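Take a look at the structure set out below.
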Amino acid sequence: MKKQIISVLLLVLAATVVWAAGQGESAKPGASGSVVELRVQFPRDNEENQYRIQAELDKARRFEAEHPNIKIIPVHIEYDNTGEFFVRQAANQAPDVMMSVWATEAQLWVSKGWALPLDDYLASWEKMDWYNPASFDPFMVNGVRYGIPENNYVKHVIYNKDLFDQANQPYPKNDWTWNEFLEAARATTNKSAGVAGFAPMGRGGEGGWGFTDFIYQAGGEVVEIRDGKYYSVFDSPQAIAAAQFFKDLKWKHDVIPSQWANGWGDVFNVFGAGQAAMVFDADWGRAIPINSFGMDPDNIGVVIMPKGPGSQGRHAGVLGGTFMVINAASARSKAVQDAAFAWIDFERYDEAGLERIESEIADARSNGQYRAQFQYSPLLPEAQYIQRETAIMAANPDAAVIWGDDEFLELLPGTAHTEPAVAAQDLYGEYLANVVQLLLSDENADPERIMKEYNDRFQKEVLDPLNAAQ
C-alpha cells in the first residue's frame, strides 16, 4: 500500500518536476521585487488537527500584516524520511521552511544539500543569547548549525510515589545507579497484584529507541564517526553489558510486565493504571496517566536516569526532538530564504507564545484536565521568557504542572545524549527492535551473540552503503 501511494504521488507530481527544472531562480515569486511566496509546513489536514491549523492560519495573517511583501502558502504535511516528504522534495513541492524535522535527520539533510546553513542568520539574531548553545548540537554538522531547536526532550524516569510508599521503598535520588534502580524495581514489583517495577517499551521502533538509553548508561555507543565514515559499535563490552542487564530485568529478576510488547502509549497506559512503578519518559507521556486515568500529578516523581556500572557508567538519556530547517532545495533565492527565517523568528518566544500557554491552561481547566507535559526548553533558565512561562505555570496549579526541583532541572542537561547522527530510525525500528524482542522473548537468548549479529547487519546493510556513497 505504501509503495502504491508513493507511486500515485510521483505520477501526480512528475509534471511539476519537469516544470521546476526549467524555471530555476526565475520561478521564485519575488525575484523581480514583487511579493514573495513562502511555502510553510502546516499540520496535516485532518479532523484532529483543525484547531492547530486554524492557529497557524491566524498566525499567518498576523505575519502577512507585518510583512506585506510575503505571502504564506500552507503545505499540509508531517515530516517523514521515506514517503510523502521525499516525493514532494523530488518534485520541488516541499515546504520552503520545515518546522518539525526530526533531530536524527541532520546528516541526511546536509548530505543531500537540503539544509541551509544558518550561522549567518544566527550571528545577528537578537534571540540567540537566550538559547542554550548545546541545544543546537543535534542539527550541527562539521561545526555548522543547520537547524533551530523547536521541541527538545531529554529522557528521564518518572515513578509512582504511591507504589513506592506501599513497598516502603525510598524514592530514587538523582545520584542513583543501576543497582539502586534494580533494587527499586524489585521492591515495587507485586505480580500477584499485577504490578511491575519497571515497564520498558518493547515493541517496534519505540523499543529500539528505549533500549539505547541502557547502552548509553553503560558507557556504550551505537554509531561512531571516524574519518568521515560511519561505524556500528553496539557490539562493545559496554553495549553487551546493557543487553544482559535488560534481559535480566525479565528473566532473572521478573520486574517487567508479563505483557511486555508495549509501544509508547501502551507504557503510559500501564503506568496510569497503577501497573508499573517506573517508566522512562521524554515529555508528553505523563499526560496520559494524568488526563486519561485521573492520576494525581503530585503522585508522580521525576528523577534523572540511573548511572550504569563501572568506570564508564554514566547518567544518560536520549536527547532528541524536532528542528526548524530552511529547505535549501526549495528556498533557492535569497528573498525566500530571508522570508523563511522571518517566519521562524515571528512570535518566537514572545507575548503570543505566553498567551498560547495561558490559553492551553484555560482549555485544560475547562476540560477538568492539566497542561501536564514536561517541556525541556532549548532556552537558558535565566532567559526572561522561561521565567515568565514558569510564573504562569506556578500561578495555575489546578491546571498546570511544573516538573522537577532545581536539582533535577540543573542535572538533566548533563545527562543528554544525542541520537545517532545517521540512520537512527532504521537502527531503532529494524535492528535494535529485533534485539529487544529476542532478549525479552527467549530466556536462553545470548546477548553477546545477538548484539554482534545485529551490529554487523546494521553495518553491512545500512552504514557500508552510506559510506560507499560518500
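List of remarks:
- Filtering segment 407-416 to residues that are closer than 11 Å to Asn174 by Cβ and either touching a helix residue (DSSP H, G or I) at 6+ places or on another chain (Cβ under 9 Å) or of a type outside the set (A, V, I, L, M) (or both) leaves Glu407, Phe408, Glu410, Gly414, Thr415.
- Just one residue in the set Gly321, Gly317, Gly313 is touching a Gly at 6+ places or on another chain (Cβ under 6 Å) and either under 30 Å from Trp178 (Cβ atoms) or surrounded by fewer than 23 Cβ atoms within 10 Å (Cβ to Cβ) (or both); that residue is Gly313.
- Residue in segment 30-42 that is touching a strand residue (DSSP E or B) at 6+ places or on another chain (Cβ under 8 Å), within 24 Å of Val325 (Cα to Cα) and either exposed (fewer than 12 other Cβ atoms within 10 Å of the Cβ) or at pLDDT below 70 (or both) present: yes
- Remark: Arg61 falls outside the filter, which requires a residue to be closer than 26 Å to Ala469 by Cα and of a type in the set (D, E, K, R).
- Residue in segment 247-263 that is touching a His at 6+ places or on another chain (Cβ under 8 Å), touching a residue at least 24 places away in the same chain (Cβ under 8 Å) and either surrounded by fewer than 23 Cβ atoms within 10 Å (Cβ to Cβ) or assigned to a loop (DSSP other than H, G, I, E, B) (or both) present: no
- Within segment 326-344, the residues that satisfy the criterion of being in contact with a Phe, Trp or Tyr (Cβ under 7 Å, 6 or more places away or on another chain) and part of a helix (DSSP H, G or I) are Phe341, Trp343.
- Being touching a Leu at 6+ places or on another chain (Cβ under 6 Å), in a helix (DSSP H, G or I), among the β-branched types (Val, Ile, Thr) and buried (at least 18 other Cβ atoms within 10 Å of the Cβ) holds for only one residue in Ile361, Ile386, Ile450, and it is Ile450.
- Test for Met305: is it over 30 Å from Asp119 (Cα atoms), of a type in the set (A, V, I, L, M, F, W, C) and outside any helix (DSSP H, G or I): yes
- Test: residue in segment 305-314 that is aliphatic (A, V, I, L, M), under 21 Å from Thr188 (Cα atoms) and touching a strand residue (DSSP E or B) at 6+ places or on another chain (Cβ under 6 Å): yes
- Restricted to helices (runs of 4 or more DSSP H) entirely inside segment 47-142, those with at least 3 residues that are modelled with pLDDT of 95 or more and within 25 Å of the chain's Cα centre (by Cα) are 119-123.
- None of Ala276, Ala241 is in the same structural domain as Ala421 (by TED's automatic domain parsing) and touching a strand residue (DSSP E or B) at 6+ places or on another chain (Cβ under 7 Å) except Ala276.
- Candidates Ala134, Ala193, filtered to the one that is among the aliphatic types (A, V, I, L, M) and either over 21 Å from Glu105 (Cβ atoms) or without any contact (Cβ under 8 Å) to a residue 12 or more places away in the chain (or both): Ala193
The values are calculated or read from the model by the stated rules, or taken from the named source; none is laboratory data. Remember, it's a predicted structure, so these values are computed and weren't measured experimentally. Heads up, the Cβs are rebuilt from the backbone with ideal geometry, glycines too, and the neighbour counts pull from every protein chain shown.
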